[in-house]
Amino acid sequence: MDGNAAIGTLWEDREVRFDVSPQLMKPRAGELVLDTMESVEDTKGNNGESGRLVVTNLRVLWNSHSFYRINLTIGFNCVMSIEKRLVNSKLRGHTEALYILTKCGNTRFEFIFTNLESGSPRLFTSIITVCRAYGTSKMYRDLKLRAAIVSDGNLRLLPGEELCRRLDGVWNLSSEQGNLGSFFITNIRVVWFAAMNMCFNVSIPFLQIRSVKLRDSKFGAALVIECTQQSGGYVLGFRADPPDLMRTLSQELQSLHRVFAAKPDMGVRFHMEEMPAPLEKVTEVQEDDDLKLEPGFSKSDAHTAYFADENKPRDREVVFSTELGLAIEKLRDGFTLQGLWDATA
């Protein structure tokens, strides 16, 4: 890639995955463990099963203590809502739990986690706080067009961001005639905005840059930034005089991109009073001979266990159950009390 360092596709915060290999439970470059809890029940999919829950700056991970290959990785970008709910846990009984609703692609999944250590609020505070911090730091990770990134003709720097170079009089070659504006290089991203309209701008984080090259164009030598498919696959061209400046910019950007790739800044700012164990230790597993799946367990079962009811925007009507002698919420078509009982037994 012409001297560019590959950062790798960022999937950890953008996907929900089930029963992944131990390698995928380990941190990618720039992923930091922020909290670890050893006694957490996956009440939705594995009621009665204690496990380890890890909160990083990109995702929530859970794995069963009994069977390590029964695990979850939940990216913060998939989270739609987080709330507290009362649930029936096999290990804690009727208790308060953390409910997380997510959407990955066109599929919604819901997760319920119960802290088996009574009186500890960490399960709620850690995940909720980190998720909020993640949501306010997307500029570090996502390509943005026409964003509020300029104030009084200057770039609004992000926390931890340092300005490396500013160039005025740089042409954006995305249109037939080009647009004149200002070009910024920082330790986090590349930014350009038009001189006549500062709302016409682009912010390209190094995380989403695939390559930086010099190419010939009808305007002369141009600096070309190719973005990842994840960010839209944009190809953006820039030009400034003198022509030798383009080569200097290209080399500078490639160098900064390599430095960033070695230790990416994901932007999430969060600190625990007590530092958790490193993720390499947290995800330490047994020998393969000891790793087994429960009889009859499959990945399709895992997906089914966490499906959210998309056709239930509100509670269904309350009806009297002759089987239980109680008033209950009306069941969905095709479901029976016996079937639900067997599924959770």
Subject >> Sulfur and carbon atoms: percent of accessible area, region 1-157 [1.4 Å] >> reply: 45 percent
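Compute, for region 98-229, the length of the dipole vector about the Cα centre, with Cβ point charges of +1 (Lys, Arg) and -1 (Asp, Glu) only. Units Debye, rounded to 20. Walk me through the numbers before you get to the answer.
Numbers: 16 positive and 10 negative charges, 33 e Å.
I would put it at about 160 debye.
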Subject >> Centre separation in Å (Cα based) which lies between region 1-60 and region 217-259 >> reply: 33 Å
**OP:** Sketch the reach of a paramagnetic label on D241 as a point 7 Å from Cα along Cα-to-Cβ, and name the residues of region 185-203 whose backbone nitrogen lies under 20 Å away.
**Re:** 194-196
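Rounded to the nearest 0.05, what FRET efficiency is calculated for S81 and F320 with R0 set to 35 Å and r the Cβ-Cβ distance?
Working: r = 31 Å, r/R0 = 0.89.
Result of the calculation: an efficiency of 0.65.
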Original post:
Roughly speaking, what is the stretch gain from E226 to R269, that is 0.36 nm per residue apart minus the C-alpha to C-alpha distance, in nm to one decimal?
Top reply: 12.7 nm
Original post:
Given H placed 1.01 Å from N in the peptide plane, which residues other than close sequence neighbours of S211 have an amide H under 5 Å from its amide H?
Top reply: E226
**OP:** Could you work out the Kirkwood radius for region 197-254, taking every pair of different alpha carbons, averaging 1/r and inverting it, reported in Å?
**Re:** 12.1 Å
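Is region 72-161 rounded, prolate or oblate when judged by the Cα gyration tensor, a ≥ b ≥ c being the square roots of its eigenvalues, rounded requiring a/c under 1.5 and prolate requiring a/b larger than b/c? Let's see the in-between values first.
Numbers: a/c = 4.00, a/b = 2.23, b/c = 1.80.
Prolate is the answer for region 72-161, as a/c is 1.5 or above and a/b outweighs b/c.
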Subject >> G45 long-range amide H proximity, modeled H, under 5 Å >> reply: I112
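Mind ordering 77-87, 39-49 by average Cβ neighbours within 10 Å, highest first?
39-49, 77-87
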Subject >> Under 21 Å between alpha carbons - lysine pairs in region 41-160 that sit 8 or more apart or on different chains >> reply: 5
Original post:
What accessible surface, in Å², does a 1.4 Å probe find on H65, ignoring ligands, DNA and RNA and rounding to the nearest 10?
Top reply: 80 Å²
Original post:
Can you pull the three principal axis extents for the Cα set of region 147-227, in Å, largest first?
Top reply: 38, 29, 19
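In the P(r) worked out for region 14-63, what percent of Cα pairs fall beyond 14 Å?
Values: 675 of 1225 pairs.
So the pairs more than 14 Å apart make up 55 percent of the total in region 14-63.
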Subject >> Rg followed by Dmax, in Å, when region 10-149 is reduced to its Cα trace >> reply: 15.1, 51
Original post:
Over the C-alpha atoms of region 96-243, what are the Rg and the largest Cα-to-Cα span, Dmax, in Å?
Top reply: 20.4, 68
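The values are calculated or read from the model by the stated rules, or taken from the named source; none is laboratory data. All of these numbers come straight from a predicted model, not from anything done at the bench. FYI the Cβ positions are ideal-geometry reconstructions off the backbone, even for glycines, and counts take in every protein chain you see. Accessible surface is based on the protein model in full, side chains and every heavy atom, while ligands, DNA and RNA are left aside. Shrake-Rupley method; radii C 1.70, N 1.55, O 1.52, S 1.80 Å.
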